[in-house]
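Note sheet for the following structure.
Nothing in this text is a laboratory measurement; each read-out follows from the coordinates by a stated rule. Nothing here was measured: the structure is a model prediction, and the numbers come from that model. Backbone-built Cβ (ideal geometry, glycine too); neighbour counts: all protein chains shown.
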Amino acid sequence: MPLVDMPLEELMKYEGKNPCPADMDEFWDRSIGEMHGLDDNVELRKAEFTAAGAECRDLFFSGTGGARVHAKYLRPKGKGPFPAVVIFHGYSGNSGGWMDKLAWVGEGFCVAAMDCRGQGGISEDVGGVKGTTFRGHIIRGLDEEGPEKLLFRDIFLDTAQLARVVMGFEEVDEKRVGATGGSQGGALTLACAALEPGIKRAAPVVPFLCDYKRVWEMDLAANAYEELKTYFRQYDPEHKREEEIFTRLGYIDAQHLAKRIKGEIFMGTGLMDTICPPSTQFAAYNRITSKKSVAIYPDYGHETPPSHADKVFEFMRGL
């Protein structure tokens with residue numbers, strides 16, 4: 001079997017290298033409490049896009065820091081209650097078009113696809129941190145006194161808040177809600193399932209934002225992870241603060257959130273992935289204690305095999 005990382009038997013036991021902050025659980029408990037205390041201020045606007053059998057809306061809500069977060073929301077025509085799925089996109093991308101959501105609606109699902117703050121969609125990035133913001137959402141807020149200003153802390157909370165908003169719609173069966181996405185969307189799927197215990201099924205694909213130190217030690221801090229190397233080169237070239245920096249990143253490391261997941265997980269991974277190495281993905285997978293399974297593609301890299309998209313669809317039909 002081709003290898004760019006550990007043998008499969010080692011991957012299935014690997015538990016990650018990035019340090020976990022001592023107050024990880026307390027930090028996220030406080031953060032969830034803050035999110036629950038927000039006025040969601042939900043707004044649904046009729047979309048310009050129309051399709052037979054579907055109602056298409058632009059959904060907005062107010063997230064942490066007062067940012068207005070946007071998602072495309074589609075629902076079948078009729079009363080319901082319907083199952084629902086929330087979808088998360090890759091790094092720097094957006095919620096995509098309307099048309100590719102219609103298969104979900106045709107199967108009787110409501111679907112909400114979120115735009116991440118400050119990336120390719122229209123969700124707000126309210127900013128307000130010290131230090132560099134150049135192409136660096138992973139490192140955004142790393143130089144603040146506490147971890148509360150880490151941008152991915154807010155984006156992770158946005159995923160859970162979106163799920164909670166969708167669960168509150170009268171047409172949605174709140175006990176039949178799932179989450180899915182690839183790369184960054186895979187990490188956000190894990191975060192959503194960890195921070196919103198009502199997520200019944202989650203299907204992360206080649207998840208990003210896992211085990212940062214392992215990525216750096218493999219000399220793969222490039223492409224999506226390039227900002228890790230850039231940060232050290234510019235702000236800590238002798239790595240005197242290495243342990244401190246990786247520990248701070250541990251707050252937004254999906255592997256350390258994974259133990260909070262209650263729903264069933266179906267992960268997809270390619271063993272030739274040099275963007276998000278398989279070991280980093282298994283660092284999160286191996287910490288999940290709820291029911292789980294993984295589809296492994298030995299000859300695929302950082303991508304979603306067409307057959308896997310079908311498997312995710314079938315998995316969600318079990319909601």
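General observations
- Sorting the segments 64-70, 115-121 by their residues' average number of neighbouring beta-carbon atoms within 10 angstrom, most packed first, yields 115-121, 64-70.
- The distance linking region 145-174 with region 258-298 is 22 Å (Cα centroid to Cα centroid, whole angstrom).
- For the chain, the longest principal axis of the alpha carbon atoms and the long axis of helix 184-195 meet at an angle near 80°.
- Kirkwood Rh and Cα Rg combined as Rg over Rh, evaluated for region 245-299: 1.00
- Placing unit charges on each Cβ (+1 for Lys and Arg, -1 for Asp and Glu) gives region 8-316 a dipole about its Cα centre, and among S123, M267, S183 the Cα reaching farthest toward its positive end belongs to M267.
- Dividing the summed -39500 (n - 2.57) terms of all DSSP H runs of n ≥ 4 by the residue count of the chain sets its mean residue ellipticity at 222 nm at -8500 deg cm²/dmol.
- Dipole magnitude for the chain: computed about the Cα centre from +1 point charges on Lys and Arg Cβ and -1 point charges on Asp and Glu Cβ, it is near 760 debye.
- By the rule of a C-alpha distance below 12 Å, with chain neighbours fewer than 8 residues away ignored, the aspartates and glutamates paired with K259 are E15, D25.
- Estimated translational D of the chain in µm²/s (Stokes, Kirkwood radius over Cα pairs; 37 °C; 0.692 mPa s): 167 µm²/s
- Extension gain for L3-N41 works out to 8.8 nm (0.36 nm per residue, less the C-alpha to C-alpha distance).
- Exposure proxy ranking, count of Cβ atoms within 10 Å, fewest first, for D143, D39: D39, D143
- D100-E242 FRET efficiency (beta carbon distance; Förster radius 30 Å; 0.05 resolution): 0.15
- Each of A71, Y300, L257 was scored by the projection of its Cα onto the charge dipole of the chain, and the greatest displacement toward the positive side belongs to A71; charges sit on the C-beta of Lys, Arg, Asp and Glu.
- Considering only the chain, percent of DSSP beta bridges that pair antiparallel, nearest 5: 40 percent
- 0 to 90° range, to nearest 10: angle between helix 226-235 axis and the chain longest Cα axis: 50 degrees
- Cross-link pairs exceeding 28 Å in C-alpha to C-alpha distance, out of K46/K292; K229/K262; K77/K291; K13/K213; K101/K262; K17/K229, comprise K46/K292; K229/K262; K77/K291.
- Once the chain from A309 to C20 is taken as fully extended at 0.36 nm per residue, the excess over their C-alpha distance is 100.8 nm.
- Between helix 24-36 and the chain: long-axis angle, C-alpha atoms, 0 to 90°, nearest 10: 30 degrees
- Taking label positions 7 Å along the Cα-Cβ direction at both M12 and I122, the computed distance is 4.8 nm, reported to one decimal.
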